[in-house]
Amino acid sequence: HPQLLAPARRFWAGVQQGPPDAILGLNDLFKADPNPKKVSLGVGAYRDNDGKPWVLSSVREAESRLLAQNCDHEYLPITGLGGFVDAATKLAFGEECEPLNSGRIAATQVLSGTGGLRVAANFMEKFMPKGVTIKIPNPTWANHKNCFQDAGLSWEMYRYYDPSTKGLDYDGMIEDITDHTPDQSIVLLHSCAHNPTGVDPTPTQWQGISDAIKSKGHLVFFDSAYQGFASGDPVADALPMRTFMKDGHQIMLAQSFAKNFGLYGERIGCLSMVCSDQAEVERVMSQLKLVIRPMYSNPPVWGARIVDTVLNTPDLNTLWHKEVQQMADRIITMRSELVKELADAGSVHDWKHVTDQIGMFAYTGISKEQVLKCRDESVYMTDDGRISIAGLNTNNVKFVAEVMHKATK
């Protein structure tokens with residue numbers, strides 16, 4: 001009897017269209033562009049001089065050795081692969097780290113950097129005082145706000161980038177995290193290769209930041225997505241974390257192995273938290289498991305095995321160090337080449353900030369109007385003028401410089 005059937009219900013009729021992702025939207029424009037000379041400088045992934053993804057030889061060799069071991073594909077524990085977690089924390093904190101060697105660090109494998117941020121955000125929302133605010137740099141990686149806000153944390157921005165100098169607003173940063181931030185707040189810091197600006201504090205400034213934060217009793221949360229990738233030296237890139245550890249901070253750290261191992265799609269990361277004693281570690285680990293279990297149950301195994309194998313095998317570890325240096329050197333070279341080609345194209349602007357900055361990205365300082373002019377000439381970058389230096393190579397850097405000069409003269 002058709003007349004007895006209830007009318008079909010439209011369960012999702014009230015769902016509103018969400019805003020498009022800025023980077024993915026840029027990719028769509030790039031793909032639709034018929035110009036054979038088009039260049040994409042939006043996505044934060046390393047490319048070789050031919051513009052192709054690069055699988056590290058250390059990673060390929062680790063995969064080969066793992067395949068020869070006939071590994072299974074069983075579930076990992078909730079907190080992941082123990083060997084990977086141990087190697088990740090040693091990479092960040094060093095062999096001589098007292099909290100690490102005394103068993104005072106709670107650590108778990110997570111779903112790359114984003115997973116570490118979100119697990120930590122949920123943990124902090126649960127155990128930090130209600131109403132606590134996390135201070136994040138202005139600007140910062142866009143997903144920081146999403147991770148914290150969706151977990152129920154309030155965020156505010158502190159001064160970081162100074163557009164007038166295209167460098168660090170150190171005095172403004174210190175003032176904001178001391179005079180304008182309540183005691184025992186949370187402060188997020190990019191450990192190296194700040195995204196999106198490429199502007200990092202000097203070692204002396206890092207010490208000053210540590211002193212300022214300690215004077216306020218803040219909890220420090222480091223986001224480390226580029227260790228080794230920034231300078232080419234994983235030890236040099238770890239200086240901020242190790243400075244804060246030396247000064248007695250009980251830091252939190254989210255590590256990603258996407259960039260420095262080229263394992264973008266494997267989603268491999270580590271979240272670690274310094275505790276007061278081993279009993280506190282046990283309690284923290286028990287609660288981290290309760291956060292992770294309903295979120296994604298347990299992490300992926302293959303990428304963790306790769307990183308574990310590379311870092312814990314002397315010949316592969318040595319090769320990996322050479323390869324991260326190689327990636328960093330190519331990016332540093334492309335910064336210099338871009339500045340040179342801009343000058344050769346006739347630009348009279350000072351582009352020194354491009355070579356002063358470090359890591360995957362450069363904050364060019366060009367306006368949105370100028371960005372759109374570049375897009376009209378088939379060079380694609382985000383609206384804020386950020387470019388991925390990894391997208392440059394000897395085949396396209398001259399063309400990019402010419403387009404940037406035309407848009408900014």
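Would you check which residues across the range 16-46 are without any contact (Cβ under 8 Å) to a residue 40 or more places away in the chain and either of a type in the set (D, E, K, R) or assigned to a loop (DSSP other than H, G, I, E, B) (or both) and list them?
Q16, Q17, G18, P19, P20, D21, D28, K31, P34, P36, listed by residue number.
Name every residue in the range 355-403 that is within 21 Å of G228 (Cα to Cα), among the polar types (S, T, N, Q) and in contact (Cβ under 8 Å) with a residue 24 or more places away in the chain, in order of residue number.
Scanning the range 355-403 gives Q357, S388, N393.
Which residues, taken from the range 265-317, are open to solvent by 50 Å² or more (accessible area, probe 1.4 Å) and within 14 Å of A87 (Cα to Cα)?
Of everything in the range 265-317, those that are open to solvent by 50 Å² or more (accessible area, probe 1.4 Å) and within 14 Å of A87 (Cα to Cα) turn out to be N312, P314.
Taking the stated definitions as given, is K135 charged (D, E, K, R), within 19 Å of the chain's Cα centre (by Cα) and either at pLDDT 95 or above or open to solvent by less than 10 Å² (accessible area, probe 1.4 Å) (or both)?
Here the answer is yes, as K135 does meet what is asked.
For N101, are the conditions met, namely being open to solvent by 10 Å² or more (accessible area, probe 1.4 Å), in contact with an Asp or Glu (Cβ under 9 Å, 6 or more places away or on another chain) and among the polar types (S, T, N, Q)?
yes
Could you grab me the full set of residues in the range 383-401 that are out of contact with any strand residue (DSSP E or B) (no Cβ under 8 Å at 6 or more places or on another chain) and not in a loop (DSSP other than H, G, I, E, B)?
A390, V397, K398, A401 - these are the residues of the range 383-401 that are out of contact with any strand residue (DSSP E or B) (no Cβ under 8 Å at 6 or more places or on another chain) and not in a loop (DSSP other than H, G, I, E, B).
Mind telling me which of the residues V59, V55 ends up being at pLDDT 95 or above, in a loop (DSSP other than H, G, I, E, B), over 21 Å from K246 (Cβ atoms) and under 21 Å from the mean Cα position of the chain (by Cα)?
Selected residue: V55, the only one of V59, V55 that is at pLDDT 95 or above, in a loop (DSSP other than H, G, I, E, B), over 21 Å from K246 (Cβ atoms) and under 21 Å from the mean Cα position of the chain (by Cα).
Can you confirm whether the range 29-43 contains a residue that is touching a Gly at 6+ places or on another chain (Cβ under 7 Å) and modelled with pLDDT under 95?
No: zero hits.
Given the residues D50, D72, which is the only one that is in a loop (DSSP other than H, G, I, E, B), in contact (Cβ under 8 Å) with a residue 12 or more places away in the chain and of a type in the set (D, E)?
Checking each option against the conditions leaves just D50.
The conditions are (1) surrounded by 19 or more Cβ atoms within 10 Å (Cβ to Cβ); (2) part of a loop (DSSP other than H, G, I, E, B), and H349 fails exactly one of them. Which is it?
Going through (1) surrounded by 19 or more Cβ atoms within 10 Å (Cβ to Cβ); (2) part of a loop (DSSP other than H, G, I, E, B) one by one, H349 breaks only (1).
Restrict the check to the range 66-76 and report whether at least one residue is at pLDDT 95 or above, among the acidic types (D, E) and surrounded by 14 or more Cβ atoms within 10 Å (Cβ to Cβ).
No, the range 66-76 contains no residue that is at pLDDT 95 or above, among the acidic types (D, E) and surrounded by 14 or more Cβ atoms within 10 Å (Cβ to Cβ).
Quick check on this structure: which one of T108, T140 is touching a residue at least 40 places away in the same chain (Cβ under 8 Å), surrounded by 14 or more Cβ atoms within 10 Å (Cβ to Cβ), assigned to a strand (DSSP E or B) and hydroxyl-bearing (S, T, Y)?
The conditions single out T108.
Yes/no matrix, rows are residues, columns are (1) among the hydroxyl-bearing types (S, T, Y); (2) in contact with a Lys or Arg (Cβ under 9 Å, 6 or more places away or on another chain):
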position: K340; (1), (2): no, no
position: V354; (1), (2): no, yes
position: M360; (1), (2): no, yes
position: T364; (1), (2): yes, yes
position: L372; (1), (2): no, no
position: D376; (1), (2): no, no
position: A390; (1), (2): no, yes
position: V397; (1), (2): no, yes
position: T408; (1), (2): yes, yes
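Just to be sure, is V55 surrounded by 10 or more Cβ atoms within 10 Å (Cβ to Cβ) and of a type in the set (A, V, I, L, M)?
yes
Does A362 satisfy being at pLDDT 95 or above and crowded, with 21+ Cβ neighbours inside 10 Å?
Yes: the conditions hold for A362.
Which residues, counting only those in the range 183-211, are open to solvent by 10 Å² or more (accessible area, probe 1.4 Å), farther than 23 Å from K259 by Cβ and out of contact with any Leu (no Cβ under 8 Å at 6 or more places or on another chain)?
D183, T204, Q207, G208, D211
So which of L271, L319, L263 ends up being more than 17 Å from T114 (Cβ to Cβ), hydrophobic (A, V, I, L, M, F, W, C) and touching a helix residue (DSSP H, G or I) at 6+ places or on another chain (Cβ under 6 Å)?
That would be L319, the only listed residue that is more than 17 Å from T114 (Cβ to Cβ), hydrophobic (A, V, I, L, M, F, W, C) and touching a helix residue (DSSP H, G or I) at 6+ places or on another chain (Cβ under 6 Å).
Could you list, in sequence order, the residues of the range 381-409 that are open to solvent by 30 Å² or more (accessible area, probe 1.4 Å), modelled with pLDDT of 95 or more and either of a type outside the set (A, V, I, L, M, F, W, C) or in contact with a Leu (Cβ under 8 Å, 6 or more places away or on another chain) (or both)?
Scanning the range 381-409 gives T394, N395, K398, E402, K406.
The values are calculated or read from the model by the stated rules, or taken from the named source; none is laboratory data. Note that this is a predicted model, so its numbers are computed, not measured. Positions of Cβ are backbone-derived with ideal geometry, glycine not excepted, and every protein chain shown enters the neighbour counts. Note: areas computed on protein heavy atoms with side chains; ligands, DNA, RNA excluded. Shrake-Rupley method; radii C 1.70, N 1.55, O 1.52, S 1.80 Å.
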